[in-house]
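Okay, structure first, notes after.
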Amino acid sequence: MTAARGGDHSPDRPQRRGRRTAVGSSLATALSALPPFLIGSLMPAMRADIDIDTERLGVLIAIYFLASAVAAVPGGRLAERLGPRRGLLLTGTVTALSLLLIAGVVETWLHLAAVIVLAGFANGMVHPAGNLAIVRGVPGARRGSAFGIKQAAAPLATLFAGLALPVLALTLGWRQAFLSAVLLLPLIALVLPAHLPSGSTARRVSRLRADRPLVVIALASALGFGAATTVGAFLVDSVVSAGSRPGVAGATLTAASAACIGVRLFIGWQTDRMRRPSINLVAALMVLGAAGFALLAVSPSMIWPLGAVVGMGAGWGWPGLLYHAVAESHPSAPAAATAVATTGNALGAALGPLGFGLVASRFSFDLAWGASATAMVLAAALMVAAGRLRAG
């Protein structure tokens, strides 16, 4: 009777804790993605109060991801020391602070640039902290799905926020839209389990500095992530400039985003049925993504939507699988290890669109899409090389 009343031996308890861990990590990931996304979606309303334009928006996004890249590795080590729950609550608190500053203090573009650095630091830490939470709090047979849910949360949340928050901005004002996003923080604290095992020792974390496969993975991630982010940034402008209607371009981008979410969820679910997550599967998804970019570069107007869906769906569907594979390969320090991959992702997100924009503006969109396809193929080759280094 006592054992039943305490619930310690209930077979559902680890599963319930795992679900709460996955959802809490997903909410924290979504919250960390909101500052730059909200600035982009609410920029028309913000222009009346802050001197911001399209060029400055691009600089803000680059600053955000560069700050994420700088913070990822030290943030991963800090998460190992704090433990997953405190690490996620710290990142959520810093992100919420940045949202509050934008809502109540920011008056100029320079103010906004300073605050976005703070938000970028939080984003750099949230992925290793969330990955650590999944490794510590989700049963091994469900971790693939948990990583898929975590990585699908940010694009799904921003997709819905993009529909709802601009309406709120029109009715109450753009500052209130930023303020409302802070409500995710108490929800994260409520959902995350109160007790999750803490991280590893500093000694084990320091050993990652000499991990050559991780360095190769970071380079591959930078190339792959940099290529993949160009779809969301430039697809509409590209196809409209080629003669397509804006409504068709926007609908295709929505379909491509939905495909990306679906692939992340499906790959996570499928990984749970494998013996262990595979870096080679990451490379295969990158090759499919490269094929999608090639279609965008050379296809007639009847086929380019397929290129967009394949390019974004497969070409950006692999981060959860990559984090899972890296975390499983470094069970003693999963946050610190996945932070290295996060560094590559953030660098790619900062520099990839900048390079694409330069090529597209000086030469053509076709050449820019071809460059994205080439970068994705190189990323796949580096992933295969990292897998061989790990096996050797």
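The values are calculated or read from the model by the stated rules, or taken from the named source; none is laboratory data. These numbers come from a predicted model, not from an experiment. Note: ideal-geometry Cβ built from the backbone for every residue, glycine included; neighbour counts use all protein chains shown. The area values use the complete protein model at the heavy-atom level, side chains included, leaving out ligands, DNA and RNA. Shrake-Rupley method; radii C 1.70, N 1.55, O 1.52, S 1.80 Å.
Some notes on this structure:
- Residue 37 - accessible surface, heavy atoms, 1.4 Å probe, Å² rounded to 10: 60
- Computed with a 1.4 Å probe over protein heavy atoms only, the accessible area of residue 55 comes to about 140 Å².
- The helix-only estimate of mean residue ellipticity at 222 nm for the chain, built from DSSP H runs of length n ≥ 4 each weighted as -39500 (n - 2.57), is -28500 deg cm²/dmol after division by the residue total.
- GNM result for the chain, Cα springs below 10 Å: residue of 228, 335, 113 fluctuating most strongly: 113
- Normalising the Debye intensity of segment 216-286 to I(0), with uniform scatterers on Cα atoms only, and taking log10 at q = 0.12 Å⁻¹ returns -0.45.
- Calculated FRET efficiency for the pair residue 266/residue 303, C-beta based, R₀ 30 Å, to 0.05: 0.80
- Whether segment 51-115 is rounded, prolate or oblate, judged on the alpha carbon gyration tensor where a/c under 1.5 counts as rounded: oblate
- Listed residue (336, 42, 287) projecting farthest to the positive dipole end of the chain, Cβ model: 336
- Column: log10 I(q)/I(0), Debye, Cα scatterers of the chain, q = 0.13 Å⁻¹: -1.05
- Probe 1.4 Å - accessible area at residue 241, Å² to nearest ten: 80
- For segment 271-392, dividing the convex hull volume of the Cα atoms by the residue count gives 99 Å³ per residue.
- GNM result for the chain, Cα springs below 10 Å: residue of 227, 69, 284 fluctuating most strongly: 284
- In the chain, Cα pairs under 8 Å separated by at least six residues give a relative contact order of 26 percent.
- 60, 347, ranked by accessible area, largest first (probe 1.4 Å): 347, 60
- Rolling a 1.4 angstrom probe over segment 225-267 with all protein chains present gives an accessible area of which 68% lies on carbon and sulfur atoms.
- For segment 347-392, the Cα gyration tensor yields ellipsoid semi-axes of 28, 11, 5 Å (square root of five times each eigenvalue, largest first, whole Å).
- Probing with 1.4 Å while keeping every protein chain in the model, the per residue accessible area of segment 15-112 equals 40 Å².
- Accessible area ranking (1.4 Å probe, heavy atoms, ligands and nucleic acids excluded), largest first, for 171, 254: 171, 254.
- Highest-fluctuation residue, 73, 138, 298 considered, GNM on the chain with Cα pairs under 10 Å: 298
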